[in-house]
Every structure is written in C-alpha cells, then in structure tokens.
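Inspection log for the structure reproduced underneath, given as structure tokens.
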Amino acid sequence: MRIHLSLVNRKCLTIFLVLLFLNYSDCQEDEDGPYRGKLIGKFNSYHHQVGGDVYAVDATTFLIVNFNYDGNGIDTFFWSGASNRPGPQGFIVPNEFGKTNILERYFNKEFTIKLPDNKGITEVKWLAIYDLGAQNTFGDVYIPEEFDPPSPQRVGSFSKISHNVTSGSAEVLDSKTIKIPNFSYDGLGKKVYFWAGVGAQPSNKGFKIPDELGYLDPIRAYNEETIMLELPGEKTVFEIDWISIFDVETNENFGSILITAGLNVPPSLTKIIPHTLALPNCKQLHRDLQVQWEVFGPAITMVLSGKVDEDDYMAFGISGSDSKSQMLGADVAVTYIDGHLGKTIDYRVDAMSSCVQVLGANKGFCKDSEVGGQDNFQMHTAMREDGINKITFRRSLISSDSLDKEFVLDRPIYVIWAMGKLDTNKEPSFHAVYPKGDLMIAFNTSEPVNDCYSFTEVVQKPEIELWDRVHIFDKTLRVFNATIGPSGGYKGYLGITKHVSNSLAWYINGVLSPELYMRRGLTYAFKVRGGNNPHSTEHYHPLIITDEPIGGFDRLSDSNQKEVRVLAGVEFTRRGRPKPTVAGPLCLLKYPPNYDRRLDDNFLTYTKFRKNLIADCEGDEAATMQITPNSSWPDIVYYNSFTQRNMGWKIHIVDNYIRPGLSHSTPLYTSTSTVLIILCLILNTIRSN
C-alpha cells in the first residue's frame, strides 16, 4: 500500500511540476514581451486552423495576437454574444478596419477589434470566429467570470513638500502615459526634472521623463496646468515605483506620487522604434532627437537621428557663446533628406533672421558659402526608416575656415540644436523645436557616454484644433493698418496659411495674417509699420503686393524675380534693381518678458494669444501705400514682406461684395453700418411675415 501511494504521489508531483513549469513559462513569455493588456485566453480551435491569443485592451476592445484563420469559410465573421455558447443569437464584431466584411485569410496577425455600439467586454460571454450560413463555430474564447478589463487608474496627488508643488489626482491612462491635472510648480529650483525610478522614495538613482512637449531641459514654472507625460523609450509604469519633481543638483524631492504595483491599465498604443548605436557615444537631446559621435584623429564623426517629417530639418552645432547655449554666433550643421539624397550644410548665425542682404552683404542665418566661408561638413550616409531621419557626417576638429568653431576636447563645450520645417527653397525656416536651457557635451571621454533610448510614436495622434481663420470683409473699409508680430506656433501662421513660418508675420488691423477683400475700382490705403531701418536683418519689412504667396522678393534670383508680378510696393532703378517704396516705422507686437514662445499652441483661441502680446511702436508717422485694384489684377493677390518670406497672406480682388458659399464658422470683420443693415433686413422680414 505504501508503494502504491508513493507511486501516486510521485505521479501527482510530476504532473504538478509540469503544470507549474508550463504556467511559469507562460508567465515568463508574457513578462518578457511587451505589455498587451489583460489576458482573456487562447482561441479554442475547431475548424479552419483558427488560433491566437486574446487580450482585453480596455472595457470595449480586444487585442488578438498571432491570429490564424485559413479564410475558407463562406459567411464568416468575428461574432460575440451573451448566450452560454456561440450560436445564432449574437452580433458581428467589426474587423480591425472597423468593417463588417466577411473574414479573409490571417497568418500570425496582431490587431485590435472593438465591440460595436459601446458594448462592454463584461456584457458578453464569448468571442468567436463564426460562420453565419453554416451556423458553425470555427474557434472561440470565453470571457472569465467577474473579469475586470483594464482601465485608467488614479494614483493620487503630488505630495506637498516644497516649491509650491501641487496637483490633482494623477491618472495612469495606459502603460506609458500619466495625466496630471492642475499641476503647479514655482520654477525656482536649480536643475529640476520630471523624474522617475524605483525604491521606497525618490532618489538621484532615477531617470528623466520628457516634459509634455518632449523637452529634456529643466522644467519651467506651472500654474494649475493639466499635462500629459509619456515615459521614455521602452519604459512602462510597471518598471517604476514613483514619479517626482526632483532637483538633481541639490538631490531634493519637491513632491512625488507613488505608483501602485500591478496596475490593471490599458497597454500603450505608442509605437516603439528601437534605438541603434552606430557610434560609441550618444546624447538624447529631445524625445525626438539624439546625437551620436566619435573622435578619431583630427576629425569628429557625428550621427543626427530624429523623428521628423519628410520636409523637416535637424540642426546641431557649437554655441555662439562660451558660457551658455546661444543661437546667435553659433556654428551649425543643418541636415535633411531631399528625396533620396542626404544633405549636411554648414551655417553661421550672425543675426536672428533668415539670410538677407544688408548693404550688399548677407547676414542672418546664412550658409557659410554665402558669407565668404566654406562648407566644411562631409556627408557620409543618410537614411529614412520608420519616420526617423538618420544622417552621418564628419568635420575636422579644427577648421582653417574662420567662420567655423573648434570642437575642443579638454573640456565640455556648450552646444545648440533645433528642428523645424524647410521652406520651398529647401532652406530652414524658423525652428519650431529648440531648447531653452543650457546644454554641455564633453566630446572627448575616456568611457563611452550613452543616455539615449528608443524613439516612440503615438499611433493615434490627437488633432490640434486650429485658431479660426479670419476674413476682413467690409465694403466700407478703406484703410488697413499693417504691423508685425510673432507668427505663433502650429495654430498661428502655419495653421492659417499651410506655409512654413518666419518668426514674424504681418498683423492687419490687429489680426494675424487675415484674408482681405477689396473691390476693383476702389482705392485702398495700407498704413505700414513694419520697420524702416535697412541695417536691421530682423525688423526691416517694407510691404509689397504680388501675385505669388511666398514673398521675400529681394531674396529671389534675377530670373525668379522676372516670374513674379509686382502690383505695389516696389519700383525699379535704371539698372533694373528692385527698390521698396513703403517702409514705415517699426510697430512690433512682442511677447511679455521671460515668455516661452514654444507654448503658443497652448492658447485655445487667437484672441487669448493676442491679449498676451505687448505693442512696442515707434512714434513716427506710418508709411502709406495706396492701391486701386483694376480689371488687370488677378482674383487673388498677396501682401508680404520685401525682405523675408512667408509673412503675409491673401487679398481677394472682387467685382462685388457678394460671396457665395461662405462658411458660417468663418469669422467676419464688418463695420457697424453693415451690421445695422443686416438687422434691419431681419426685422423687415419678421414684420412682413
């Protein structure tokens, strides 16, 4: 009897160990791979090679991994219901494209499907591959009883320790994203970051979380703002115990949130693009930009990698100052991909404007070759993959060109970087993404330096709600006041015109780049205050009107100038050289002191953005441009700057003021008399009825 029991016990023990090993293996596979949500189970396979794993992503969405189906069913769909087992009493679940088409062949596919009509996973009992015509189940998986699908989880507020750090209750939206409502911090720390790590309490053994815009600079002051933070690279909330507002210089925690272990949250939809190290050293400059380098002999080789659009550039170089990161005076490599060709061009920054001619010499953000220097960067390779530009180039540490700065190796040096759009001439426009803080890099290190991580891309990007496009449509209006001011962020000039922006734009009657309406045969006047000092590279903007939308007539080649019809604002000398005629005193709308222009898109409306600006106007009388559009004028012309591209917008030239098809959402600027006339017509209509 003892022998029999011993054999039974051994068999039981063996079975137990096998089951334990299988469960452990399953757990290990799930832990080692990416987090996909909460596992529901595997498809039971009955016919047509159906197979795969099913996860709950959130309350209404399934994630199906390694899904197989041979596609040989006749009337087959994803099918779900609340009956005890799959049968006719159910409903079609749309496929991964949101369609209710008959299922085709699948081989090891991964995708999500969503229950229709906001039905919840807890309202159904199964998900099946079901043939309606044959009323046959090819495969199914059952929802466990009392199943709790992933959902956003609240983890508490920031502890109030110092520097006025407060917040509402933070919410972990998914495995990589944390929403912090009503966040405040006075901005008076030294080197303060959003910081995360493991352990019982915050410490310097953690890592930076990029701020809500992706920057890795010390964070700014916040005043009851709601922000979204994304953990960098492959990091998830399951790998951290806390998030802190942490000063790395003083090792102080100004406030922190503890992250609950084992959160049942949705998996992140963020796509991870793996980071590869081509050179020994790497520095993460921004969530979307990194630089790699290697010093060998008298030269330095660098790789700029960035998650950018096809018409974007990446810039990196040595600061114009030895004591801080400064764009003015910087020596910069501007890189981009033009079709299949990579470009690395040597630029010198001697003024904060695009490259313009001042007294016969080029000044501003100019190529070295345009200001008497040489292009000393050597392009090696360029590739674009998964939305990432990766450009390799080389330069001598010490250049014979006086315009180039030296890559010194005996100490860290200040550097600058930027990203932005290329204009129609493949030249960099005003940089949209750039650091505010100082950045130093020691290019000669005994041990390799690497703080880079994988790039990430949000699969479902939230749409940015643009400011309203304004039309100044008033048949009694004859005078337009033209001043200059900031072009705004994506919601500003770029969003209005769909053209890349200069740092400045025209404001007509106080409105950023509106569309104007003028009638043929009537005379109009522009009172121009765009700056009349031709020695200024940034603030000299005579007004012109042409038949092309870009502007910057003075920067065009002789052949390109001949293709543009100038309607007002330019006269030609005896030698055929263009000369502006309407350059009034400067009236500049400016940001308030210490304002960060990278936050322009935080303004919900243009009105709120405009109220933030301060007018700084010279006292001289404005210059006047008088125009009388006639039958020879095109239906659409453009007001712009003589010296700089992309500062103005459209003028509609009409024969009458009837405008069919006007959208009711388009703001109209009309006179009081026009409004009274409209009100009278409405009242007369009411009385007649």
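The values are calculated or read from the model by the stated rules, or taken from the named source; none is laboratory data. Model, not experiment: these values are computed from the prediction. Every residue, glycine as well, gets a Cβ built from its backbone with ideal geometry; the counts of neighbours run over all protein chains shown. The protein model used for the area step is the full one, side chains on, heavy atoms only, and it has no ligands, DNA or RNA in it. Shrake-Rupley method; radii C 1.70, N 1.55, O 1.52, S 1.80 Å.
Quick notes on this structure:
- Per-peptide average of other Cβ atoms within 10 Å, ordering 446-458, 300-312 highest first: 300-312, 446-458
- With R₀ fixed at 45 Å, the C-beta to C-beta distance from Asp117 to Leu258 puts the FRET efficiency at about 0.75.
- Taking amide H as placed 1.01 Å from N in the peptide plane, Phe194 has its amide H under 5 Å from the amide H of Ile209, Ile219, each at least 5 places away in sequence or on another chain.
- Cα shape, the range 393-531, gyration tensor, a/c 1.5 rule: prolate
- Rounded, prolate or oblate (a/c below 1.5 giving rounded, otherwise prolate when a/b exceeds b/c) for the range 530-661 by Cα gyration tensor: oblate
- With contacts taken as Cα pairs under 8 Å and at least 6 residues apart, the chain reaches a relative contact order of 8 percent.
- Portion, in percent, of the accessible area of the chain that falls on carbon or sulfur, probe 1.4 Å: 51 percent
- The stretch between Asn164 and Asp309 holds 48.4 nm of extra length on full extension. This uses 0.36 nm per residue minus the Cα-Cα distance.
- Ranked order, Arg610, Arg520, Arg577 - accessible area, probe 1.4 Å, largest first: Arg577, Arg610, Arg520
- Per residue solvent-accessible surface (Å²) - the range 406-499, probe of 1.4 Å: 50 Å²
- In order along the range 531-544, the Karplus-derived 3J(HN,Hα) couplings, from 6.51 cos²θ - 1.76 cosθ + 1.60 at θ = phi - 60°, round to x, 10, 9, x, 7, 8, 7, 9, 10, 10, 9, x, 8, 9 Hz, and Gly and Pro are given as x.
- Annotation: extensible slack from Lys562 through Thr250 equals 106.1 nm (criterion: 0.36 nm per residue apart, minus Cα-Cα distance).
- Computed E for Glu104/Val458 - FRET, C-beta separation, R0 35 angstrom, nearest 0.05: 0.75
- Cross-link partners of Lys208 among aspartates and glutamates (Cα-Cα below 12 Å; sequence separation of 8 or more within a chain): Asp217, Glu230, Asp247, Asp451
- The stretch between Ile658 and Arg85, if pulled fully straight at 0.36 nm per residue, gains 199.7 nm over its current Cα-Cα span.
- Along the axis of the charge dipole computed for the chain (Cβ charges of +1 for Lys and Arg, -1 for Asp and Glu, origin at the Cα centre), the listed residues His47, Phe78, Met647 are led at the positive end by Met647.
- Förster radius 30 Å - calculated FRET efficiency between Ile398 and Leu188, Cβ distance, rounded to 0.05: 0.15
- Taking max minus min of the alpha-carbon positions on each principal axis, the chain gives extents of 121, 87, 53 Å, largest first.
- Once both labels are positioned 7 Å from their Cα atoms along Cα-to-Cβ, the gap between Glu239 and Ser631 label points is 7.3 nm.
- Helix-only arithmetic for the chain: the sum of -39500 (n - 2.57) across DSSP H runs with n ≥ 4, divided by the residue total, places the mean residue ellipticity at 222 nm at -2500 deg cm²/dmol.
- Distance between the pseudo-spin-label points of His380 and Lys498 (7 Å out from Cα toward the beta carbon): 4.0 nm.
- Antiparallel content of DSSP bridges confined to the range 322-372, in %, to 5: 95 percent
- Here each label is just a point 7 Å from Cα along the line to Cβ, and for Asn223 and Arg597 those points are 2.2 nm apart.
- Solvent accessible area, Å² - Leu439, 1.4 Å probe, full protein context: 40 Å²
- ³J(HN,Hα), Karplus 6.51/-1.76/1.60, whole Hz, each residue of the range 118-126, x for Gly, Pro: 6, 5, x, 4, 6, 8, 10, 10, 7
- For the range 613-628, the Karplus equation 6.51 cos²θ - 1.76 cosθ + 1.60, evaluated at θ = phi - 60°, returns couplings of 8, 10, 7, 10, 10, 6, x, 5, 6, 5, 6, 10, 10, 9, 9, 10 Hz by residue, with Gly and Pro reported as x.
- Interchain or long-range residues, amide H under 5 Å from Asn376's placed H: Asp346
- Among 344-354, 553-563, 231-241, sorting by the average number of other beta carbon atoms lying within 10 angstrom of each residue, highest first, gives 344-354, 231-241, 553-563.
- Size of charge dipole - the chain - debye, nearest 20, with Cβ of Lys, Arg +1 and Asp, Glu -1, no other charges: 1460 debye
- Sorting the segments 73-82, 616-625, 375-384 by their mean number of nearby beta carbons within 10 angstrom, highest to lowest, gives 73-82, 375-384, 616-625.
- Separation of alpha-carbon centers, the range 489-504 and the range 216-276, rounded to whole Å: 31 Å
- C-alpha long axis of helix 2-32 to longest principal axis of the chain, angle in °: 10 degrees
- Modelled label reach - Leu328, point 7 Å along Cα→Cβ, the range 517-559 residues with backbone N closer than 20 Å: 531-541
- Rounded to 5, percent antiparallel among DSSP beta bridges of the chain: 90 percent
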